[in-house]
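Undergrad: Next up is a structure, given as structure tokens.
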Amino acid sequence: MLPERHRLVLKEIVDRYVKRHEPVSSRMLIEDYGLHVSSATVRNDMNALEASGYIEKPYSSSGRIPTKKGYRFFVDWLLDLSQLTRPEYLGLVEFYEVYCREITDMMRQTAFLLGNITGYAGFVVSPRLEESQLERVVLTRIGPRLVMLAIISDVGIVEHSLIHLQQDSPAGKIERMMRLINDNLYGMSLREVRSLALHEGPKGWHERPMREALFVLRDLLEQRMGQHLYVEGILNVAKNLQAADSENAMKQFSSLIHAVQDENTFIETITNRRADKEGLVIAVGDCPLPGLEDYSLVTSDYRPYSGLLGVIAPLWMDYGKALSTTSYIANRLEALLIAACRRGSKGDQYDERQEKSRTGSQGKDP
């Protein structure tokens, strides 16, 4: 347990380094933060922090910079506050107020918001859509043998594609196909729809146009099953690295690119790193994924269907801003998806426990 004054000095070293990206001296701390102690006292505190592994000297004659252990302490202190400011983000509510959106588009725009607000890289791992429930399938006749098929689950538009039929189908027949599919598959999980779509069905289930539509439905769901990664703002990280350490910036940036390119490994690593925790989880230079050893990740889960989102940045990121932004956007996305579920007739599945905001999870707003 660090003494109170040591904790104060460490917090201010991290705070100043995050803002200035330059080694911090005792004189800087006294001038910038108005500490009511002597310069010698601050130097002794800094020596003690260095001996304990919280700060280090990049050069023998320089000031100190935080170590991974120092950043970790700073992050834990921020989480302990449990009152993350968010007034500047309230305008984002309107960004999400759309009745039914494409899931892919929603994920990309959420990642863009995370990256744009924080100035780092934002990422979103999509919900487990195979667990979502089929709301309806929309079939729209575009030409004599051309039909648009859209799959809509309880959280939005999952996928859409054109179907090229082998024979002419009038609009009335297309309408009957759509009713037949929706009457028989409504409310099933997409996993069940994928496996049941081509099994025995009611009268008309095996007519050629219907079979073609069901084949496309199955193929589209095959593409969407599993979770997908969306990353935006990755060039923000390059700018941060270049500003702080131009010599090693390209090497660090290349390692980040390599890490996020392997979608499945990234998702698996981040999911396992959270170990079923709820709310905000921060990895400070200890993410086990190769290429992310020198980065910090702020992540949060969101419901329904086990989605994740977060921010990737250098160790000297503005943790306060990253924490509050991640928390706020996770809550907004969650509220939107759950509201979409409630708009369907299956909304009663979301009981009182799911209506409550996760105020028990650190960093979550109501």
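Undergrad: Within the group Asp294, Asp318, Asp286, Asp351, which residue is over 30 Å from Ala238 (Cβ atoms), charged (D, E, K, R) and either at pLDDT 90 or above or surrounded by fewer than 22 Cβ atoms within 10 Å (Cβ to Cβ) (or both)?
TA: On the way: Asp294 fails: over 30 Å from Ala238 (Cβ atoms); Asp318 fails: over 30 Å from Ala238 (Cβ atoms); Asp286 fails: over 30 Å from Ala238 (Cβ atoms).
When all the criteria are applied, what remains is Asp351.
Undergrad: Given the conditions (1) open to solvent by 70 Å² or more (accessible area, probe 1.4 Å); (2) in a loop (DSSP other than H, G, I, E, B), which single one is not true for Gln167?
TA: Gln167 satisfies all of (1) open to solvent by 70 Å² or more (accessible area, probe 1.4 Å); (2) in a loop (DSSP other than H, G, I, E, B) except (1).
Undergrad: Identify all residues within the range 139-164 that are closer than 30 Å to Arg303 by Cβ and buried (at least 18 other Cβ atoms within 10 Å of the Cβ); write none if there are none. Walk me through how you get there before you give the answer.
TA: Kept after step one, since they are closer than 30 Å to Arg303 by Cβ, are these residues of the range 139-164: 149-161.
Listed by number, the residues that qualify are Leu149, Ile151, Ile152, Ser153, Asp154, Val155, Gly156, Ile157, Val158, Glu159.
Undergrad: For Glu222, which of the numbered conditions (1) in contact (Cβ under 8 Å) with a residue 60 or more places away in the chain; (2) within 26 Å of the chain's Cα centre (by Cα) fails to hold?
TA: Every condition holds for Glu222 apart from (1).
Undergrad: Follow-up question, since we're still on this one. Can you name every residue in the range 231-269 that is touching a Leu at 6+ places or on another chain (Cβ under 9 Å), in contact (Cβ under 8 Å) with a residue 12 or more places away in the chain and not in a helix (DSSP H, G or I)?
TA: If the condition is that a residue be touching a Leu at 6+ places or on another chain (Cβ under 9 Å), in contact (Cβ under 8 Å) with a residue 12 or more places away in the chain and not in a helix (DSSP H, G or I), then Glu232, Gly233 are the ones that fit.
Undergrad: Further question: If you scan the range 270-297, which residues turn out to be of a type in the set (A, V, I, L, M) and closer than 22 Å to Ile329 by Cβ?
TA: Initial filter on the range 270-297 (of a type in the set (A, V, I, L, M)): 270, 275, 280-284, 289, 292, 297.
The answer is Ile270, Leu280, Val281, Ile282, Ala283, Val284, Leu292, Leu297.
Undergrad: Moving to a separate point now. So in the range 228-261, with the set limited to residues that are surrounded by 13 or more Cβ atoms within 10 Å (Cβ to Cβ) and in contact with a His (Cβ under 9 Å, 6 or more places away or on another chain), which one is nearest to Ser126 (Cα to Cα)?
TA: Residue satisfying both the conditions and the ranking: Asn240.
Undergrad: So, in the range 55-95, of the ones that are among the charged types (D, E, K, R) and touching a helix residue (DSSP H, G or I) at 6+ places or on another chain (Cβ under 9 Å), which residue ends up modelled with the lowest pLDDT?
TA: Just the residues of the range 55-95 that are among the charged types (D, E, K, R), to begin with: 56-57, 64, 68-69, 72, 76, 80, 86, 88, 94.
Right, trim to touching a helix residue (DSSP H, G or I) at 6+ places or on another chain (Cβ under 9 Å) and you get 56-57, 64, 86, 88.
Details: Glu56: 93, Lys57: 90, Arg64: 91, Arg86: 41, Glu88: 38.
Once the filter is applied, the top-ranked residue is Glu88.
Undergrad: Can you tell which of Ile174, Ile163 is modelled with pLDDT under 90, touching a helix residue (DSSP H, G or I) at 6+ places or on another chain (Cβ under 6 Å) and farther than 30 Å from Tyr295 by Cβ? Show your work before the answer.
TA: Details: Ile174 fails: touching a helix residue (DSSP H, G or I) at 6+ places or on another chain (Cβ under 6 Å).
Of the residues listed, the single one that is modelled with pLDDT under 90, touching a helix residue (DSSP H, G or I) at 6+ places or on another chain (Cβ under 6 Å) and farther than 30 Å from Tyr295 by Cβ is Ile163.
Undergrad: Name the single residue that is modelled with the lowest pLDDT among those in the range 3-19 being open to solvent by less than 30 Å² (accessible area, probe 1.4 Å) and under 18 Å from Ala322 (Cβ atoms).
TA: Among those that are open to solvent by less than 30 Å² (accessible area, probe 1.4 Å) and under 18 Å from Ala322 (Cβ atoms), it is Val18.
Undergrad: Shifting gears a bit: Would you be able to say whether some residue in the range 37-54 is surrounded by 14 or more Cβ atoms within 10 Å (Cβ to Cβ), part of a loop (DSSP other than H, G, I, E, B) and modelled with pLDDT of 85 or more?
TA: Yes; the residues of the range 37-54 include at least one that is surrounded by 14 or more Cβ atoms within 10 Å (Cβ to Cβ), part of a loop (DSSP other than H, G, I, E, B) and modelled with pLDDT of 85 or more.
The values are calculated or read from the model by the stated rules, or taken from the named source; none is laboratory data. Note that the coordinates shown come from a computational prediction; the quantities given were computed from them, not determined experimentally. Here Cβ is always computed from backbone atoms with ideal geometry, including for glycine, and neighbour counts include all displayed protein chains. Just so you know, the surface numbers come from the protein's heavy atoms only, side chains and all, with ligands and any DNA or RNA stripped out. Shrake-Rupley method; radii C 1.70, N 1.55, O 1.52, S 1.80 Å.
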